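Undergrad: A single structure is presented below for examination.
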Amino acid sequence: MAKVLVIDDEANLRKVLAALLRRDGYEVTVAQDGAEGLVELEKSGADVVVTDLVMPKLGGMDVLKAVNATAPDVPVIIITAHGTVDSAVEAIKLGAFDYVTKPFDQTELSAAIAKAVRSHESARANARSDARGRAALVGDSPTMQEVLRIIDRVADTPSTVLITGESGTGKELVATALHEGSSRRNRPLIRINCAAIPKDLMESELFGYERGAFTGAVTSKPGRFELADGGTLFLDEIGEVPVEMQVKLLRALQESEFERVGGIKTTRVDVRLVAATNRDLAEDIEAGRFRKDLFYRLAVVPIVLPPLRDRTEDIPTLVRHFLQKYNRRLNKQIDGVEPEALAVLQAYAWPGNIRELENLIERVLLFADGPLIRLKDLPDSLRGPTATMPSAPLGSTPSSETGLKDIVRMRAAELEKDLITRALEETGGNVTRAAKLLQISRKSLQTKMKEFGLRGGEADE
Ligand SMILES: Nc1ncnc2c1ncn2[C@@H]1O[C@H](COP(=O)(O)OP(=O)(O)OP(=O)(O)O)[C@@H](O)[C@H]1O
Ligand SMILES: [Mg+2]
């Protein structure tokens, strides 16, 4: 059961929110101001934080900053009074997941929380990315060097960029680098994952809506285009946008203007657009799933990120980069990788690309006692005779996107199970200590153990 922390100074609102969320099946804790909220978060954790903006002592913005700093993958939803869109934009810019306006609509709030919970889960599964840190793109291969040159050249232009590449090749990181390399860097970078938005909510999510536009629209709300005004809008998984929406998107891009759902007023915005996909859009165009005109409008500057197996020269640098990152984070001191182990890393096919490599380094680091990572520190799955043929029957070049995702999901689960088993071994089956070692809550560890059919020792129960 996902856990939601509600922070609000109004006792009534707190009660209503808590009741609503419990009805939706969440475990709820409440706090009456920012300071108390942070203590509560520290003490018992949360999967999502919902906080009011204006409160005595510590306000919502400060809560947001503190959560960003201490628990960066916990999504924060801000409650704002109706009409204070400016502070909402400010909050999104600072990394808030979403906001709801007061007086809030129950369906809207439920939807926002459900989305946040899902995003939190996938962030976990994908391991923490460095979204809030610098966009440190590394790579020595000629292709990566060329990508870096293109980023330098086009970052500070208004031209639309289309990034393509398999899952985990760094598309989001490139989008972030483009934004940070532009003079828009102090304005918002708004990301929207087109695959995560239900088809019929896409338009209102992108362009916003006016009050009364549909049942449940009790207030009006700006869409992501408006929130990104002056900044960058990153349309992730653009290949998932339904064909009907593609027409509206094209118009918004060409004219830089649109109407909110249920509205008549035309809104103009200044937005730099970056789009990404792991699909073969040429194939989608052929099949009538993607509009050619939209494709040309998006791919003014195409950036192709090749799979990691096609740029193995990047592996040593990436490994060094991730060692540094996780040494710092896990307080470890591993200096490098023995040549035999590095050879294995370079021979492996990496179906989950850089994300898989990063997860592996984090996990190896957790257990290695250094100074160098040795062959025996690497999991068997990397070394076996089938190492370059991932476990799925599809082989190393999945024929469709689903194939790739399935492989990645399977591998992630394998990795997770293996990691948990080792943590339990290490702690003699003590669930509390194993959870600490894995840096997850005891509760989520128990859920995972049940899922994988693992048992801890009795000492702890
Ligand atoms: N060139 C690189 N240098 C350093 N880190 C990288 C590089 N490319 C990717 N990463 C890291 O690998 C992870 C996956 O990258 P990212 O999320 O950008 O991939 P993606 O292509 O958007 O994947 P998906 O299609 O699954 O969303 C991130 O943690 C990112 O920081
Ligand atoms: Mg991505």
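Undergrad: For the stretch 142-153, enumerate the residues that are within 10 Å of ligand 1 (Cβ to nearest atom) and surrounded by fewer than 21 Cβ atoms within 10 Å (Cβ to Cβ).
TA: MET144, LEU148
Undergrad: Taking the stretch 330-382 as the search range and keeping residues that are closer than 25 Å to LEU173 by Cα and without any contact (Cβ under 8 Å) to a residue 24 or more places away in the chain, which one is least open to solvent (accessible area, probe 1.4 Å)?
TA: VAL364
Undergrad: Now for a separate question. Inside the stretch 61-76, can you point out the residues that are touching a residue at least 40 places away in the same chain (Cβ under 8 Å) and not in a loop (DSSP other than H, G, I, E, B)?
TA: Result: VAL63, ASN68.
Undergrad: Suppose we filter the stretch 294-324 for residues that are under 30 Å from ARG251 (Cβ atoms) and open to solvent by 60 Å² or more (accessible area, probe 1.4 Å); how many remain?
TA: 5
Undergrad: Condition first: surrounded by 14 or more Cβ atoms within 10 Å (Cβ to Cβ) and over 23 Å from the mean Cα position of the chain (by Cα). Can you find one or more residues in the stretch 272-281 that meet it?
TA: There is no residue in the stretch 272-281 that is surrounded by 14 or more Cβ atoms within 10 Å (Cβ to Cβ) and over 23 Å from the mean Cα position of the chain (by Cα).
Undergrad: Oh, and also: How many residues, within the stretch 154-179, are outside any helix (DSSP H, G or I), of a type in the set (Val, Ile, Thr) and either within 13 Å of ligand 1 (Cβ to nearest atom) or more than 13 Å from LEU235 (Cβ to Cβ) (or both)?
TA: 4
Undergrad: Of all the residues that make up the stretch 183-216, how many are in a loop (DSSP other than H, G, I, E, B), out of contact with any helix residue (DSSP H, G or I) (no Cβ under 8 Å at 6 or more places or on another chain) and either of a type outside the set (Ser, Thr, Tyr) or within 19 Å of ALA81 (Cα to Cα) (or both)?
TA: Counting residues in the stretch 183-216 that are in a loop (DSSP other than H, G, I, E, B), out of contact with any helix residue (DSSP H, G or I) (no Cβ under 8 Å at 6 or more places or on another chain) and either of a type outside the set (Ser, Thr, Tyr) or within 19 Å of ALA81 (Cα to Cα) (or both) gives 6.
Undergrad: Please go through the stretch 178-193 and give me each residue that is in contact with a strand residue (DSSP E or B) (Cβ under 6 Å, 6 or more places away or on another chain) and open to solvent by 20 Å² or more (accessible area, probe 1.4 Å), ordered by number.
TA: Listed by number, the residues that qualify are ARG184, LEU189, ARG191, ASN193.
Undergrad: Now for a different question. Scan the stretch 61-101 for residues that are more than 22 Å from the chain's Cα centre (by Cα) and under 20 Å from ALA18 (Cα atoms) and jot them down.
TA: THR80, ALA81, THR101, listed by residue number.
Undergrad: Now, a different point. Could you list all residues from the stretch 218-252 that are under 24 Å from GLU90 (Cα atoms) and either within 16 Å of ligand 1 (Cβ to nearest atom) or in a helix (DSSP H, G or I) (or both)?
TA: ARG224, PHE225, GLU226, LEU227, THR232, LEU233, PHE234, LEU235, ASP236, ALA252
Undergrad: For residues in the stretch 230-244 being hydrophobic (A, V, I, L, M, F, W, C) and buried (at least 19 other Cβ atoms within 10 Å of the Cβ), which is nearest to ligand 2 (Cβ to nearest atom)?
TA: PHE234
To keep it simple, each residue is scored yes or no on (1) at pLDDT 95 or above; (2) in contact with an Asp or Glu (Cβ under 7 Å, 6 or more places away or on another chain).
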| position | (1), (2) |
| --- | --- |
| ALA213 | no, no |
| VAL218 | no, yes |
| GLU259 | no, no |
| LEU273 | yes, no |
| ASP293 | yes, no |
| ILE303 | yes, no |
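Undergrad: When you check SER159 against the structure, is it under 17 Å from LEU253 (Cβ atoms), of a type in the set (S, T, N, Q), in contact (Cβ under 8 Å) with a residue 24 or more places away in the chain and more than 10 Å from ligand 2 (Cβ to nearest atom), yes or no?
TA: Spelling it out, SER159 is indeed under 17 Å from LEU253 (Cβ atoms), of a type in the set (S, T, N, Q), in contact (Cβ under 8 Å) with a residue 24 or more places away in the chain and more than 10 Å from ligand 2 (Cβ to nearest atom).
Undergrad: Follow-up question, since we're still on this one. Please find, within the stretch 18-34, the residue that is most open to solvent (accessible area, probe 1.4 Å) out of those that are within 21 Å of VAL54 (Cβ to Cβ) and in a loop (DSSP other than H, G, I, E, B).
TA: For the stretch 18-34, the residue satisfying everything is GLN32.
Undergrad: For the stretch 187-217, name all the residues that are in contact (Cβ under 8 Å) with a residue 40 or more places away in the chain and within 16 Å of ligand 1 (Cβ to nearest atom).
TA: Result: LEU189, ILE190, ARG191, ILE192, ASN193, CYS194, ALA195, ALA196.
Undergrad: Tell me the residue from ASP270, ASP284 that is in contact (Cβ under 8 Å) with a residue 24 or more places away in the chain, acidic (Asp, Glu) and within 23 Å of ARG153 (Cα to Cα), please.
TA: One residue alone meets the criteria, ASP270.
Undergrad: If you don't mind, another one. All but one of (1) within 14 Å of ligand 1 (Cβ to nearest atom); (2) open to solvent by 60 Å² or more (accessible area, probe 1.4 Å); (3) modelled with pLDDT under 80; (4) part of a helix (DSSP H, G or I) hold for ASP86, so report the exception by its number.
TA: That leaves (1) as the condition not met.
Undergrad: Go over the candidates ALA175, ALA196 one by one and state the one that is within 15 Å of ligand 2 (Cβ to nearest atom), assigned by TED's automatic domain parsing to the domain that holds LEU294 and surrounded by fewer than 20 Cβ atoms within 10 Å (Cβ to Cβ).
TA: Being within 15 Å of ligand 2 (Cβ to nearest atom), assigned by TED's automatic domain parsing to the domain that holds LEU294 and surrounded by fewer than 20 Cβ atoms within 10 Å (Cβ to Cβ) holds for just one of ALA175, ALA196, which is ALA196.
Undergrad: So which residues in the stretch 35-60 are in a loop (DSSP other than H, G, I, E, B) and either of a type in the set (Phe, Trp, Tyr) or farther than 17 Å from LEU17 by Cα (or both)?
TA: GLY45, PRO56, LYS57, LEU58, GLY59
The values are calculated or read from the model by the stated rules, or taken from the named source; none is laboratory data. Since the model is a prediction, treat every value here as computed from it, not as a measurement. Because the Cβ atoms are built from the backbone with ideal geometry, glycine has one as well, and the counts that use them run over all protein chains shown. Surface accessibility is based on the protein's heavy atoms, side chains included, excluding ligands, DNA and RNA. Shrake-Rupley method; radii C 1.70, N 1.55, O 1.52, S 1.80 Å.
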